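Enquirer: Below you'll find the structure I mean.
The values are calculated or read from the model by the stated rules, or taken from the named source; none is laboratory data. Keep in mind the model is a prediction, meaning the values are calculated, not measured. Heads up, the Cβs are rebuilt from the backbone with ideal geometry, glycines too, and the neighbour counts pull from every protein chain shown.
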Amino acid sequence: MRVTILVSSAGRRVGLIECFRRSAATLGIELDVLACDREPQLSAACQAADRAFAVPKCDDPGFVEAMLDIVREGGVQLVVPTIDPELAPLAASAERFRSVGARVHVSPPCVIDVVRDKLKTAQVMEAAGVPVPWTVPLEAAHASAYPIVWPMFLKPTGGSASRNIKVANSSADLPEVPDEPMILQQLLIGPEYTVNMFLDQDGVLCNAVVHRRLRVRAGEVEKGQTERVPVLRELAEGVARALPSARGVLCFQVIVDKRVGPCVFDINARFGGGYPLVHYAGAEYTRWLLEEVVDLPSTAHDDWRSEALMLRYDAAIFRG
């Protein structure tokens, strides 16, 4: 049995490709890994793939067409997005990919619309009973529409990878005319966790792995350790109820604040950067996705190892 996958915006996601390859070998699948990026010659993951392709930026009108061309020519059965900005165009085009035989690993647009907007995320989660930090749009703060207790956290409404975030100690720290929509969010202080989720094709939450973010670099966990924290498992169930159309792999960030308890402050509807730790702990999301693609019985479970530790380091791929 042969399966071809396409890892989009592959960047440095060598570890994710390796997880797919190990899962395929376990299932007896011959796996072809295609990868694409704006500059594949400068992408480690593209160099680690079997074939690599250049595509436009994901906000370019030609991005989806370029992806569809790769899918058609390569006989791709599964497309795996890896960054937040590409989720919306791929979700909107999922039926086009399906018509040429490829499943895009992405939740429907109604889910992406929520998780790509941090204000909507806070509103939808709060309405579902999931604890979130107090959140307001920046313009409401400028209008003095709410009493604000400083300091607050300032971040782009549609940001990712810790881009343009900062602590605002007073209204003097707020931009008058921001370059993009911004929110102010209650500043949380305490240990930070990622909760990784796998939902099957019926939307059933099959697995939730918690790992503590011991060290973070550019918004991605660098050192992490899995922990069984029952209250965070309950939060995963709440997130799944709040997003009933979600499918596949998601992850969300939680800070356990010493004053208000655990609060969900960010959701990513894709493989998180720390997924290799989840895989190592025994939750093989890559295997479960491949099982769905080739219509094998699912082996999804929630039995994973606590205290699995990941210590990332920089490695290099050499060419020429």
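This table checks each residue for (1) exposed (fewer than 14 other Cβ atoms within 10 Å of the Cβ); (2) more than 25 Å from A218 (Cα to Cα); (3) among the acidic types (D, E).
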{"residue": "A246", "(1), (2), (3)": "no, yes, no"}
{"residue": "D266", "(1), (2), (3)": "no, no, yes"}
{"residue": "A269", "(1), (2), (3)": "no, no, no"}
{"residue": "G272", "(1), (2), (3)": "no, no, no"}
{"residue": "L290", "(1), (2), (3)": "no, yes, no"}
{"residue": "A300", "(1), (2), (3)": "no, yes, no"}
{"residue": "D303", "(1), (2), (3)": "yes, yes, yes"}
{"residue": "A316", "(1), (2), (3)": "yes, no, no"}
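Enquirer: Separate question: Return a yes/no flag: does segment 226-249 have any residue that is modelled with pLDDT of 95 or more, more than 14 Å from the chain's Cα centre (by Cα) and assigned to a strand (DSSP E or B).
Expert: Yes.
Enquirer: Shifting gears a bit: Under 8 Å between Cβ atoms, which residue pairs at least 6 apart in sequence (or on different chains) link something in segment 179-192 that is assigned to a strand (DSSP E or B) with a partner that is aromatic (F, W, Y)?
Expert: L184/F153; Q185/W134; Q185/F153; Q185/F265; Q186/W134; Q186/F153
Enquirer: OK, next. In segment 48-93, how many are within 18 Å of F271 (Cα to Cα), touching a Leu at 6+ places or on another chain (Cβ under 8 Å) and free of Cβ contacts under 8 Å to residues at least 24 places away in the same chain?
Expert: Here the count works out to 0.
Enquirer: Here's a follow-up. Every residue in segment 251-287 that is in contact with a helix residue (DSSP H, G or I) (Cβ under 7 Å, 6 or more places away or on another chain), of a type in the set (V, I, T) and either modelled with pLDDT under 95 or more than 23 Å from A88 (Cβ to Cβ) (or both), please.
Expert: Scanning segment 251-287 gives V254, V278, T286.
Enquirer: For segment 288-320, how many residues are in a loop (DSSP other than H, G, I, E, B), at pLDDT 95 or above, farther than 17 Å from V229 by Cβ and under 21 Å from the mean Cα position of the chain (by Cα)?
Expert: 2
Enquirer: Also: Can you tell me which residue among G11, G15, G28 is touching a residue at least 12 places away in the same chain (Cβ under 8 Å) and over 19 Å from G272 (Cβ atoms)?
Expert: Criteria check complete, one pass: G28.
Enquirer: Something else: Kindly state which helices (runs of 4 or more DSSP H) lie completely within segment 68-137 and contain at least 1 residues that are surrounded by fewer than 16 Cβ atoms within 10 Å (Cβ to Cβ) and out of contact with any helix residue (DSSP H, G or I) (no Cβ under 8 Å at 6 or more places or on another chain).
Expert: Output list reads 94-99, 109-115, 118-127.
Enquirer: Would you call V239 among the β-branched types (V, I, T) and either in contact with a helix residue (DSSP H, G or I) (Cβ under 6 Å, 6 or more places away or on another chain) or under 16 Å from R13 (Cα atoms) (or both)?
Expert: no
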